[in-house]
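Any read-out appearing in this document is the output of simple, stated calculations on the displayed coordinates, not a laboratory observation. Predicted, not measured: the structure shown is a model, and the values here were computed from it. Quick reminder, even Gly has a Cβ in these numbers, built from the backbone with ideal geometry, and neighbours come from all protein chains shown.
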Amino acid sequence: MRDLDPVVVFGDRTFTIGCDLAIGGLAPWDCGPELSVLVPRLRTFPAAWAIHLRRSLVPLDDHDYEVLSQALSGVVVDRETALPSYLDHARPVQRQLRKGHQAEARG
């Protein structure tokens, strides 16, 4: 992890730290394992696990990595195959020009 300069802004959230990320494979949209079913087997998440996911980065130990890898092993495909399923569900972003005026949707 490292400090970001400049910081990255997505919507109303600002991220001051980041890391390199390589995405080699994805589960197609809505085809991944149900996380709530896996939480009891994971060490990373406390009882209030849903709020824990709102953090920018969530560290995993070797045990949790194996649990998640096994759960994903039957559904992950190369990113070029899965990406269209995500793009099909993308929503246009409304850009605020100035107070009270919105630009056209972009998508």
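Tabulated results
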quantity: Mean separation of Cα contacts under 8 Å, 6 or more apart, over the residue count of the stretch 23-91: relative contact order %; calculated: 57
quantity: Additional length obtainable on full extension of the chain from Trp29 to Asp5, 0.36 nm per residue less Cα span; calculated: 5.4 nm
quantity: Total formal charge among the other residues, if their Cβ is under 14 angstrom from that of Leu68, Lys/Arg +1 and Asp/Glu -1; calculated: -3
quantity: Hydrodynamic radius of the stretch 23-91 per Kirkwood, over alpha carbon pairs, in Å; calculated: 13.4
quantity: Positive minus negative residues near Thr16 (Lys, Arg vs Asp, Glu; Cβ under 11 Å); calculated: 0
